[in-house]
Amino acid sequence: MKRTKLLLITLMLACLVFSLTACGGNLKDNLLDGYDNLLQSVSKHALTKEKDLQGEKNAGNDAYTGTYAATYDGFNGKEFIFGGTALERENGNQLKVTYTLSIDKGTAELYWIAGNDEYTIANDNSEDTKEYTISSGDNYIVLKGKDFSGTLTIVVE
């Protein structure tokens, strides 16, 4: 609740600052750009911090892309590996996800969050390449495990 209030106050202040400092150009465009930059900045905090990830992550051009390889041993929880929140992604809206998921014990699900929807990428031993079109709002690749032992490798381009 406290975090929501802080975010709301920050958004309101950002809108006020952008409306007062908009020099030339379209005020609406300046406000949308400012809001989009704020969303992208705040959304970085939703990703699991690299030090808390089970594996090793190498960032790509932005928070939506890169490589990740991990070995899990009795993992319980979620890792928000790639993604963000934006009105419009600077590097386009197409992503290619190549992954290998091996489950030795427990359960694991690799899934895509798009707004309020979740789409399973894999929940069994599999490897594949899939393409996704991201939309405005939340877009994250997440691994959820319950007593999960196994491996995950993923490349997002």
Count - residues of the range 107-157 that are in contact (Cβ under 8 Å) with a residue 24 or more places away in the chain, loosely packed, with under 15 Cβ neighbours inside 10 Å and aromatic (Phe, Trp, Tyr): 0
Against the conditions (1) in contact with a Lys or Arg (Cβ under 6 Å, 6 or more places away or on another chain); (2) not in a strand (DSSP E or B), where does residue 149 fall short? Just the number, please. (2)
When you scan the range 56-76, do you find a residue that is crowded, with 19+ Cβ neighbours inside 10 Å, at pLDDT below 95, among the charged types (D, E, K, R) and part of a loop (DSSP other than H, G, I, E, B), even just one? no
I'd like the full set of residues that are of a type in the set (A, V, I, L, M) and over 14 Å from residue 70 (Cβ atoms), limited to the range 123-155. 134
Matching option when the condition is at pLDDT below 95 and of a type outside the set (A, V, I, L, M, F, W, C), among 79, 88, 109: 88
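The values are calculated or read from the model by the stated rules, or taken from the named source; none is laboratory data. All figures in this text were calculated on a predicted structure; none of them were measured in a lab. With ideal geometry, Cβ positions are generated from the backbone for all residues, glycine too; neighbour counts draw on all protein chains shown.
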